[in-house]
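A short worksheet on the structure shown next.
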Amino acid sequence: MLSPIQEAARADVLSQLALHPVVERAFVNRFERDGTMIVTLAIRGVGTGELKIPANRFNQDTLDDYGALLNTIRGAP
């Protein structure tokens, strides 16, 4: 069972896909109190899920880490 926050994030990514029919992937992220980043991801025709990235593995102050996250979501090598 999903928490209200998880359900809201899931609804958000599914709404993004519904609004943009040519987009294959959509995501939202949030930071938990402990600094953990949660990425809710939807892939058209596949489903939704969450990625939990520990605070010590993601530096929200650098664009390099965001770039790596986007490449992962995109499926880039």
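The values are calculated or read from the model by the stated rules, or taken from the named source; none is laboratory data. All values derive from a computational prediction rather than experimental measurement. Positions of Cβ are generated from backbone atoms using ideal geometry, with glycine treated the same way; all protein chains shown enter the neighbour counts. All accessible areas refer to the heavy atoms of the entire protein, side chains included, with ligands and DNA or RNA removed. Shrake-Rupley method; radii C 1.70, N 1.55, O 1.52, S 1.80 Å.
Numerical summary
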quantity: Residue count for the range 16-38, restricted to those that are open to solvent by less than 50 Å² (accessible area, probe 1.4 Å) and under 13 Å from Ile73 (Cβ atoms); calculated: 3
quantity: Hits in the range 39-56 (condition: surrounded by 12 or more Cβ atoms within 10 Å (Cβ to Cβ) and β-branched (Val, Ile, Thr)); calculated: Val39, Thr40, Ile43, Thr48, Ile53
